[in-house]
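Just so you know, all these numbers are worked out from the coordinates, no wet-lab data involved. Here the structure is a predicted model, which is why all the values come from computation and not from measurement. Positions of Cβ are backbone-derived with ideal geometry, glycine not excepted, and every protein chain shown enters the neighbour counts.
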Amino acid sequence: MPREIRITVLPGDGIGPEVTAAAVAVLHAVGQRFGHAFRTEEALIGGAAIDATGQALPPATAEACDRADAVLLGAVGGPKWSDPKAPVRPEQGLLALRKQLNVYANLRPVKPHAATLKHSAIKAEVLQGVDLVVVRELTGGSYFGRKERHADRAIDVCEYTVAEIERVVRHAFRLARTRRGKVTSVDKANVLETSRLWRETVTRVHRAEFPDVVLEHQLVDSMAMHLISRPRDYDVVVTENLFGDILTDEAAMLAGSMGLLPSAALGDGPRGLYEPIHGSAPDIAGQGIANPIAAILSVAMLLRHSLSLHREAEAVESAVSTVLAAGESDPAQRARDLGGTATTAALTTAVLAALAVEAPPASAAEHAFPAVELRD
Ligand code: IPM
Ligand code: MG
């Protein structure tokens with residue numbers, strides 16, 4: 001019997017429950033098709049957790065994530081919990097979870113699919129051939145620094161240690177070696193002290209450990225511009241937490257829509273936290289029209305990065321490509337965020353159907369042995 005693979009699912013708020021339900025259906029289909037025993041367990045996070053327990057990351061959720069091989073998250077937040085005076089906010093649950101799991105490297109790949117090029121706000125000729133990954137530092141910087149609020153002033157401290165910078169840039173350099181061998185490090189070294197430390201550290205790690213990789217430094221303001229004027233030039237982009245948050249929403253526009261982009265948050269071990277980069281989209285929540293593709297592609301990243309199930313990951317990605325291609329000229333098979341009319345359920349069914357057709361059935365031998373050695 002293959003060893004049971006434990007996935008903790010955190011649907012969260014807004015469209016989170018709808019897109020994670022789609023992603024879990026795809027995960028179980030992969031399990032059936034390839035002979036893996038995935039056990040999914042749901043837990044509360046964000047606003048849903050605040051409503052039920054008063055906490056954004058209840059202890060039961062933290063424990064469920066601790067004993068999981070990987071965590072799949074939908075989205076957190078919404079107007080119901082966004083009162084600036086609220087003592088606890090949904091986003092705090094997500095930040096606490098990232099910290100708890102020590103997932104400091106957030107991979108956000110952007111590779112526009114041919115079928116979605118014409119639905120992007122950016123010209124197709126600029127998008128042709130774009131294939132980049134942003135590695136966003138996820139557990140440091142102003143998100144986690146000391147915070148103070150007074151009547152007439154507020155403070156968010158941005159702090160980085162050398163060790164925090166080293167570990168995330170090493171991740172980026174290693175990733176670049178598996179791709180086109182180029183890293184662009186983004187900072188604001190002309191103004192910020194943390195950015196000067198960032199640049200110094202990246203330069204030293206590059207010289208000492210990764211001289212074979214091409215490194216360039218770029219200031220974040222000009223990066224915001226180049227990212228949409230010449231996105232093809234980028235391979236791996238590494239940057240601090242807040243810059244990465246902003247640049248990845250911008251980069252999502254290269255793919256045509258936020259509804260298409262998955263992400264993986266990784267640490268030192270195989271366990272990761274996987275989430276679509278889109279938010280909870282409260283305006284369309286509960287209507288069954290959210291695009292589940294980003295969540296489904298997050299499952300592909302989970303299969304690849306936490307479980308080393310590469311064939312399975314590729315099967316999911318190719319099923320998604322089939323569905324995107326079908327939607328290129330048929331709005332009925334295209335998600336609403338790409339100008340179509342397809343529902344979440346219709347898109348999920350289409351991905352499941354494509355998966356069933358494309359994935360070869362697992363052989364008897366693969367049923368008998370676990371495909372990977374999972375570390376605990
Ligand atoms: C993201 C989101 C989060 C972030 C929010 C929900 C806290 O915008 O994952 O990009 O800022 O990290
Ligand atoms: Mg964001």
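Relative contact order of segment 1-77: what whole-number percent is it, with Cα pairs under 8 angstrom and at least 6 residues apart? List each step's numbers first, then the result.
Working: 136 pairs, mean separation 37.9, N = 77.
Reported relative contact order: 49 percent.
Which peptide among 133-140, 164-171, 285-292 comes first, and what is the full order, when sorted by highest mean count of other Cβ atoms within 10 Å?
Final packing ranking: 133-140, 164-171, 285-292.
What fraction of the DSSP beta bridges in the chain is antiparallel, stated in percent and rounded to the nearest 5?
Working: 17 of 44 bridges.
Antiparallel bridges: around 40 percent, rounded to the nearest 5.
In deg cm²/dmol, rounded to 500, what helix-only [θ] at 222 nm does the chain give when every DSSP H run of at least 4 residues adds -39500 (n - 2.57) and the total is split over its residues? It would help to have the intermediate numbers written out before the result.
Numbers: 13 runs with 157 residues, N = 376.
After summing the helix terms and dividing by residue count, I get -13000 deg cm²/dmol.
Among THR161, THR178, ILE228, flag the residue with its Cα farthest along the positive direction of the charge dipole of segment 121-255, charges on Cβ as +1 for Lys/Arg and -1 for Asp/Glu.
Going by the charge dipole, the pick is THR178.
If a/c stays under 1.5 just call it rounded; otherwise compare a/b with b/c (prolate if a/b is bigger, oblate if not). Do that for the chain, with a ≥ b ≥ c from the square roots of the Cα gyration tensor eigenvalues.
Values: a/c = 1.33, a/b = 1.21, b/c = 1.10.
It comes out rounded by the Cα gyration axes.
What's the center-to-center distance, using Cα atoms, between segment 213-280 and segment 53-89 in Å?
Here the two parts' Cα centres lie 23 Å apart.
Are any of the pairs LYS111/LYS188; LYS99/LYS188; LYS147/LYS188; LYS147/LYS182; LYS80/LYS147 more than 29 Å apart by Cα-Cα distance, and if so, which?
LYS147/LYS182
For segment 121-255, with only Lys/Arg (+1) and Asp/Glu (-1) charged at the beta-carbon, what is the dipole magnitude about the Cα centre, in debye rounded to 20?
Magnitude of the dipole: close to 320 debye.
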